[in-house]
Amino acid sequence: QVQVVESGGGWVQAGGSLRLSCAASGSIFRIRAMEWYRQAPGKQRELVAGLTFGGSTNYADSVKGRFAISRDNGRNTVYLQMNSLKPEDTAVYYCNARHQSTYYATIRDYWGQGTQVTVSS
């Protein structure tokens, strides 16, 4: 089993910054990518940012230029640096680790419990 734990959420005023952390641990063979999603009340969960362990990144249009995803060198930990936060960024942020148990296995997703981010105007 793979465990995923997020941390770093909290309350911030509009224009402020927060950094989220996500660590994957347990019986890890190979993580292919780690992603940040968010879900606001009454809305569907949406992809915010993704990072493959080959090094490519992708971002939702709504956060481009404000958020940055990065990886702790060689470790199964990723960060989401969030700058110029807006009230519409308020949501529960979830981390997802895309894991293979062998080189030929289907990729399986492992989710964290989520961390609340609240941006006040």
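Accessible area ranking (1.4 Å probe, heavy atoms, ligands and nucleic acids excluded), largest first, for F53, F67, F29: F29, F53, F67.
Sorting the segments 30-36, 74-80 by their mean number of nearby beta carbons within 10 angstrom, highest to lowest, gives 30-36, 74-80. Give the carbon-plus-sulfur fraction of the accessible surface of the chain in %, rounded to a whole number; probe 1.4 Å, heavy atoms of protein chains only. Percent of accessible area from carbon and sulfur atoms in the chain: 45. Per residue, the convex hull spanned by the alpha carbons of the chain comes to 100 Å³. Sorted from greatest to least, the principal axis extents spanned by the alpha carbons of segment 27-73 come out as 36, 27, 14 Å.
Calculate the FRET efficiency for A105 and V5 from the Cβ-Cβ distance with a Förster distance of 25 Å, rounded to the nearest 0.05. Please report the intermediate quantities before stating the final value.
Values: r = 23 Å, r/R0 = 0.92.
Once rounded, the FRET efficiency stands at 0.65.
Between G54, G15, G42, the GNM of the chain built on Cα springs shorter than 10 angstrom shows G42 fluctuating the most. Rolling a 1.4 Å probe over the protein heavy atoms gives the chain an accessible area of 54 Å² per residue.
The values are calculated or read from the model by the stated rules, or taken from the named source; none is laboratory data. As the structure is a computational prediction, the values presented were derived from the model and not from experiment. For neighbour counting, all protein chains shown are included, and Cβ atoms are generated from backbone atoms with ideal geometry for every residue, glycine included. Accessible surface areas use protein heavy atoms only, side chains included; no ligands, DNA or RNA. Shrake-Rupley method; radii C 1.70, N 1.55, O 1.52, S 1.80 Å.
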